[in-house]
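> Structure below; questions to follow.
The values are calculated or read from the model by the stated rules, or taken from the named source; none is laboratory data. Treat the numbers as computed from the prediction; the structure is a model and nothing was measured. Neighbour counts run over all protein chains shown; Cβ positions are idealised from the backbone, glycine included.
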Amino acid sequence: MAIVPTIFWTASGIMHPFMSHWFKVTIANEFYKAETIENQGLKLSLPQVLDQNNVLSFKNFRLVRFDKNNYYQIKDTKNILHYYHTETGKELINGDKKFAENMARFMLNDYKSKIQSITYITKFTDQYKFVNRFLPVWKVSFERDDKMDIYVETGQSRFVTFNDSGRKAFIWIFSTFHDWGFMDMIANNTVRIFGMLFFLGIITFSAVAGLIIYGLMWKKFKPAKLGNSRNILRKYHRSIGLWSSIVTFTFAFSGAYHAVQKFDPDERLKFVYEPIIRTESIAKASMIDLTGISNISFAKWGENIFWQIVKKDPETRQTKIDYINVKDGKMLEDGNFKYARFLANRFSSMENSTSEACCAEMESSANSTLAEAEILDIKLVNKFAGEYGFVNKRLPVVKLSYDTPDHVAYYIETTTGRLSTRVNDGARREGFSFAFLHKFSYLDFLGKNMRDGIMTAAAMSVLLVSVLGLLVFLKVK
C-alpha cells in the first residue's frame with residue numbers, strides 16, 4: 001500500500017525537472033512584444049469611436065497594434081473584446097480571434113504553418129491547468145509536426161504558455177499519477193484529497209518505521225549470506241532505504257501538508273474590480289502624450305476616472321504606473337498605491353460578504369477587515385521572489401502588508417483590477433514547507449541545475465528502494 005503510490009509519485013515527479021528544465025522545448029520568443037502606438041496614429045479620438053459605434057457604456061479600453069493597423073480594444077459590459085480602427089472607427093470583424101492568431105504566430109515566429117483551430121477558453125481543462133492562472137484565453141493550435149498549441153491572453157497582450165506533443169504527454173502523466181487526476185472521473189475533489197492523504201500517511205509511517213528498524217535496530221538483523229539473491233535484494237534495500245527514508249518522509253509530509261490546503265478552493269479569480277464606465281463621462285477626455293508608454297487604460301473608483309499609464313522608468317528600468325485625472329489632467333500622487341489599497345479593501349469586503357461576490361458598482365468597503373488595519377509596508381513588485389513565486393504569474397503587482405494577527409499581505413495587479421494572491425502566516429508556513437522539503441529551495445544557492453540534480457537523485461533513490469522493496473515482497477510471496 002505504500003510502495004505502489006510511492007512509485008507513481010516519484011516516477012512522475014522525476015519527470016518534472018526533465019520536461020520543464022533540462023529538456024524543455026524552446027520557442028522563438030518567450031515574451032510577447034507589443035507594438036507601441038504614437039499619437040499621430042490616432043486620427044479619431046476614443047469618444048468619437050465610441051459614439052460612432054453607439055457604445056454607451058463599457059468596462060475599459062486599450063490600444064493595440066497588429067498587421068500594421070492601430071485599434072482601440074474595447075471591453076464591453078459583457079466582457080467581450082471589440083477592435084475599432086483608430087482612423088476609420090470601423091470594427092474589425094472577429095478582431096479578438098485575429099489578434100490571438102497574430103500573437104501566437106509571433107511567439108513561434110511562424111507565419112507559414114496552417115492553423116488547425118482557434119478556441120476561446122473560459123475554464124481550465126486537462127491540458128490548460130489552473131496553475132496557468134489566466135482566463136479567458138485563446139488556444140491557437142498549429143498544423144505542425146510538434147502539434148503545437150499556444151495560449152494567449154489578448155486582454156493584456158500576454159503570452160501564457162505553450163504545449164507541444166511532448167508537454168501534452170507529460171501533463172497527462174503528471175496529472176494522472178502525481179495529482180491523481182484519474183480520481184476526478186470517479187469521485188469529487190474532497191474524496192481525491194482524502195485518498196491521497198491516506199496513502200501519504202502510510203508512506204510517512206513507513207519512512208519513520210524504516211529509520212527505526214534499519215537504523216536503530218540494524219544489528220538485530222542477521223547479515224546477508226552471499227549467493228542468496230533474496231538476501232542481496234534485502235541488503236541493498238536496507239542500505240539505500242536508510243539513506244532515502246529521510247527524503248521519503250520530507251516528500252510525503254510536505255506533500256500531505258500541501259494537499260490539505262486544497263480542501264479550500266483557490267478562488268482568486270473571482271476577486272476582480274471592473275466597474276462600468278459611461279461613455280458620456282469621458283466625452284471630453286483628450287488623449288495624453290503616448291511617448292514611452294507601453295500600455296494605457298482607465299482606472300475608476302468613486303466618481304473619479306483616471307488614465308492609467310504603464311511605462312518603464314528610463315533610469316531604473318522598472319515598471320512605473322501613473323494616474324492622470326481625465327477631467328483636469330492632474331496626476332494623482334502615489335496613485336498606484338492608493339488604487340491598490342482601494343482594491344484590497346474591496347476584496348476584503350468580498351471575502352466577508354454573504355452576497356454573491358459583490359457587484360462591481362458597489363463602492364462600500366464597510367465589511368473590509370482591512371479598513372482599520374495599519375499598512376506596515378506597500379511596494380511595487382517587479383519580479384518573482386520569496387513568498388510571491390512564479391506560480392502566481394502576474395507582474396507587476398503591488399504588495400500591501402497589514403498589521404493583522406495573521407500578518408496578511410495582498411498582492412494586487414492594478415492594471416487589471418485583480419487580486420493576484422493573498423498570503424497570511426498559515427499560507428507562508430505551507431509555502432515554506434513545500435518549497436523547502438519538496439522542492440529543495442534551500443539549495444538554490446547552488447544554481448537551478450545542481451539543485452534539480454540533487455532533488456532528482458533523491459527522488460530516484462526513493463524510487464529505487466521502492467522497486468527493490470517490491471521485488472523483495474514479490475520474491476517472498
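> Which ones in segment 251-268 are out of contact with any strand residue (DSSP E or B) (no Cβ under 8 Å at 6 or more places or on another chain), over 30 Å from A459 (Cα atoms) and touching a residue at least 24 places away in the same chain (Cβ under 8 Å)?
Answer for segment 251-268, where residues must be out of contact with any strand residue (DSSP E or B) (no Cβ under 8 Å at 6 or more places or on another chain), over 30 Å from A459 (Cα atoms) and touching a residue at least 24 places away in the same chain (Cβ under 8 Å): there is none.
> Moving to a separate point now. Pick out the one residue from S117, S57, S113 that is small (G, A, S) and touching a residue at least 60 places away in the same chain (Cβ under 8 Å). So that I can check it myself, show each step before the final result.
On the way: S117 fails: touching a residue at least 60 places away in the same chain (Cβ under 8 Å); S113 fails: touching a residue at least 60 places away in the same chain (Cβ under 8 Å).
When all the criteria are applied, what remains is S57.
> Please find, among I202, I193, I240, the residue that is in the same structural domain as L463 (by TED's automatic domain parsing), surrounded by 14 or more Cβ atoms within 10 Å (Cβ to Cβ), at pLDDT 80 or above and over 23 Å from the mean Cα position of the chain (by Cα).
I202
> Something else: With the requirement that a residue be touching a strand residue (DSSP E or B) at 6+ places or on another chain (Cβ under 8 Å) and either surrounded by 15 or more Cβ atoms within 10 Å (Cβ to Cβ) or among the small types (G, A, S) (or both), what does segment 321-337 give you?
Hits for segment 321-337 are I321, D322, Y323, I324, N325, V326, L332, G335, N336, F337.
> Continuing with the same structure: Tell me the strands (runs of 3 or more DSSP E) entirely within segment 80-171 that contain at least 1 residues that are out of contact with any Ser or Thr (no Cβ under 6 Å at 6 or more places or on another chain) and surrounded by fewer than 16 Cβ atoms within 10 Å (Cβ to Cβ).
Where strands (runs of 3 or more DSSP E) fall fully within segment 80-171 and carry at least 1 residues being out of contact with any Ser or Thr (no Cβ under 6 Å at 6 or more places or on another chain) and surrounded by fewer than 16 Cβ atoms within 10 Å (Cβ to Cβ), they are 115-121.
> Identify, from the list T10, T36, the residue that is buried (at least 18 other Cβ atoms within 10 Å of the Cβ) and among the hydroxyl-bearing types (S, T, Y).
Numbers: T36 fails: buried (at least 18 other Cβ atoms within 10 Å of the Cβ).
The match here is T10.
> OK, next. When you look at L380, is it buried (at least 16 other Cβ atoms within 10 Å of the Cβ) and in contact with a Pro (Cβ under 6 Å, 6 or more places away or on another chain), yes or no? Can you show your working first?
Values: buried (at least 16 other Cβ atoms within 10 Å of the Cβ): yes; in contact with a Pro (Cβ under 6 Å, 6 or more places away or on another chain): yes.
Yes: the conditions hold for L380.
> Can you say whether T176 is β-branched (V, I, T) and surrounded by 20 or more Cβ atoms within 10 Å (Cβ to Cβ), as far as the supplied structure shows?
no
> Moving on to the next point. Take I296 and decide whether it is under 22 Å from N382 (Cβ atoms), at pLDDT 95 or above and touching a Phe, Trp or Tyr at 6+ places or on another chain (Cβ under 7 Å).
For I296, the condition - under 22 Å from N382 (Cβ atoms), at pLDDT 95 or above and touching a Phe, Trp or Tyr at 6+ places or on another chain (Cβ under 7 Å) - is met.
> Criterion first (modelled with pLDDT under 90, assigned to a helix (DSSP H, G or I) and among the small types (G, A, S)) does A224 satisfy it? If you could, list the steps in order and put the result at the bottom.
Details: modelled with pLDDT under 90: yes; assigned to a helix (DSSP H, G or I): no; among the small types (G, A, S): yes.
When the stated conditions are applied, A224 does not pass them.
> Whether any residue in segment 275-283 is within 23 Å of the chain's Cα centre (by Cα), in a helix (DSSP H, G or I) and in contact (Cβ under 8 Å) with a residue 12 or more places away in the chain is what I want to check.
Scanning segment 275-283 turns up no residue that is within 23 Å of the chain's Cα centre (by Cα), in a helix (DSSP H, G or I) and in contact (Cβ under 8 Å) with a residue 12 or more places away in the chain.
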